[in-house]
Amino acid sequence: MTDLLNRHSFVELGARQRAKALLDTGSYRELIDPFQRVMSPWLSRQGVVPQADDGVVIAKGTLDGLPLVIAAIEGNFQGGSLGEVGGAKIAGALELAAEDNRNGVPTRAVLLLETGGVRLQEANLGLAAIADIHAAIVDLRQYQPVIGVVAGSVGCFGGMSIAAGLCSYLLVTREARLGLNGPQVIEQEAGLEEYDSRDRPFIWSLTGGEQRFNSGLADRYVADDVAQIRQQISQLLQQGLPAAQRSRQADYYLARLAALDAAPQIEPATVRDLYQGERP
Amino acid sequence: METLSFEFPAGQPPKGRALVGCVGSGDLEVLLEPGTAGTLSIQVQTSVNGAEQRWQHLFQRLFQEQTPPALNIQIHDFGATPGVVRLRLEQGFEELGHD
């Protein structure tokens, strides 16, 4: 009980509050802040109310003294969807961090991912921006770790789940979900019999943070607590680059998938056994 | 979606600016910035059509209790109830006081 009272939930914080909670006190500086009104030019035209920061907060500062840029997605605005502006903000921040590294400033990056993926109202522009984000992560991660955090409650889906997969390290909580397609999309394609998107325990058993961590697809599994999440991120930042990027181990995962018998309904334990095997 | 404009008499502009809320379901985002002395102007972009009178009454009731500072307020509303709107505005005024 005292444990519960002493906890300070990270999941309940908005994007800006999350970025502030992670950075050293007094070091927070926002780039393209909401008062600059760099908003989506596409939403109003389609009758959708825009947000002044387009749902993406870019913050620079330090974490335990290390130079850091944070890109935080606001999951409550349009499901954390990425359009032209928000996507360009994240890609630009990562590109500038890589540029910093080439100029001798060791800027690291943390991505706070609460997103359903591309914003359908901005279709191709959103997809192009997400491709830019992917390229920027791959560029920056040669110099410094790029850490993805999926805390919940939106989760991380679509093109941005690929971004999560490209990160040097991925940190998840029990609230997190990670998947290429969201539950409703899978239900629509596979049918209710196979995948009931309203069955929450079932959804979390397959795509939830605990399952992803136990399957070796995430590097840290942390409680929903600001102090613990901050401490784990700091540790990963100090650890430097991983011995091998997960996304470079495609051959290992493909070989494992090839060995899978897809005829019976797949259980969460099947996935864990499949991916855990002999770890690369 | 509708865009509405309002103007009210006001005092002096504050020093700082503030942002509260989020364009999430049943919520709104309020940006408060210093305006010209004597005038409070509000621009509302809302997902709910036909609610101009409701906004007018809400603002009137709030500002007749106390003369507001001179501000340019921009609101992005995603279907917030009058109670939520009032709470967010009061939160915004309080944040201005902190700077």
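Between the range B:22-99 and the range A:120-167, the C-alpha centres lie 35 angstrom from each other. Under 5 Å from the amide H of A:V69 lie the amide H atoms of A:R108, A:A109, A:V110, each residue being 5 or more positions distant or on a separate chain, with H modelled from the backbone and absent for Pro and chain starts. Across all C-alpha atoms in the range B:17-58, the radius of gyration and Dmax reach 12.1, 34 Å.
In loop segments of the range A:176-280 as defined by DSSP, the trypsin sites (Lys or Arg not before Pro) with at most 15 further C-beta atoms inside 10 Å of their C-beta are A:R198. Within the shell of other residues whose beta carbon sits under 15 angstrom from the beta carbon of A:A262, the net charge comes to -3, with Lys and Arg scored +1 and Asp and Glu -1. Label reach from A:Q239 (point 7 Å along Cα→C-beta): in the range A:105-125, no amide nitrogen lies under 11 Å. Taking a straight Cα-Cα cut-off under 14 Å and skipping sequence neighbours fewer than 8 places away in the same chain, the aspartates and glutamates within cross-link reach of A:K89 are A:E30, A:D33, A:D53, A:D54, A:E74, A:D132.
Across the range A:70-139, the relative contact order, built from alpha-carbon pairs under 8 Å that are at least six residues apart, equals 48 percent. Mean partner shielding of peptide A:50-56, defined as the number of other chain Cβ atoms within 10 Å of each residue Cβ, is 4.
Near the amide H of A:T115, within less than 5 Å, lie the amide hydrogens of A:G155, A:C156, A:F157, all on another chain or at least 5 residues away, with H placed in the peptide plane. Of all DSSP bridge pairs formed entirely within the range A:30-175, close to 40 percent run antiparallel.
Pull up the DSSP beta bridges for the range B:1-96 and report the antiparallel fraction as a percent, rounded to 5.
That works out to approximately 75 percent antiparallel.
When all alpha carbon pairs of the protein assembly as shown are counted in 20 Å bins from zero, the resulting P(r) reads 27, 53, 19, 2 %.
Can you check what the net charge comes to around A:A123, using other residues whose Cβ is under 14 Å from the Cβ of A:A123 (Lys, Arg +1; Asp, Glu -1)? Please list the in-between numbers first.
On the way: positive: A:R45, A:R119; negative: A:E84, A:E122.
Net charge around A:A123: 0.
Taken one residue at a time, the phi angles of the range A:104-120 give Karplus couplings (6.51, -1.76, 1.60, θ = phi - 60°) of x, 9, x, 5, 9, 9, 10, 10, 9, 9, 10, 7, x, x, 5, 7, 4 Hz. Gly and Pro are set to x. Across the range A:125-142, computed HN-Hα scalar couplings (Karplus, 6.51 cos²θ - 1.76 cosθ + 1.60, θ = phi - 60°) run 5, x, 4, 5, 5, 5, 4, 4, 4, 4, 4, 5, 5, 4, 5, 5, 6, 6 Hz from first to last residue, x flagging Gly and Pro. Phi angles across the range B:81-97 convert, under the Karplus curve 6.51 cos²θ - 1.76 cosθ + 1.60 with θ = phi - 60°, into 3J(HN,Hα) values of 6, x, x, 5, 4, 4, 4, 5, 5, 5, 4, x, 4, 5, 4, 4, x Hz, Gly and Pro given as x. P(r) tail, the range A:1-145: Cα-Cα pairs separated by more than 19 Å, 53% of all pairs.
Under the simplified labelling scheme, the A:A255-B:E94 pair shows an inter-label distance of 6.0 nm, with each label point 7 Å from Cα along Cα→Cβ. The trypsin sites (Lys or Arg not before Pro) found in the range B:15-85 that occupy coil by DSSP, while having at most 12 further C-beta atoms within 10 Å, are B:K15.
Legend: calculated FRET efficiency, B:R54 to A:Q36, from the Cβ-Cβ distance at R0 = 22 Å, rounded to 0.05, equals 0.15.
Maximal additional length on extending the A:N103-A:S197 stretch stands at 29.1 nm, based on 0.36 nm per residue less the C-alpha distance. Taking label positions 7 Å along the Cα-Cβ direction at both A:L180 and B:K15, the computed distance is 5.5 nm, reported to one decimal.
We did not get these values from a lab; they are worked out from the coordinates using the rules stated. Because the structure is predicted, anything quoted here is derived from the model rather than measured. Virtual Cβ from ideal backbone geometry, glycine too; neighbours counted across all protein chains shown.
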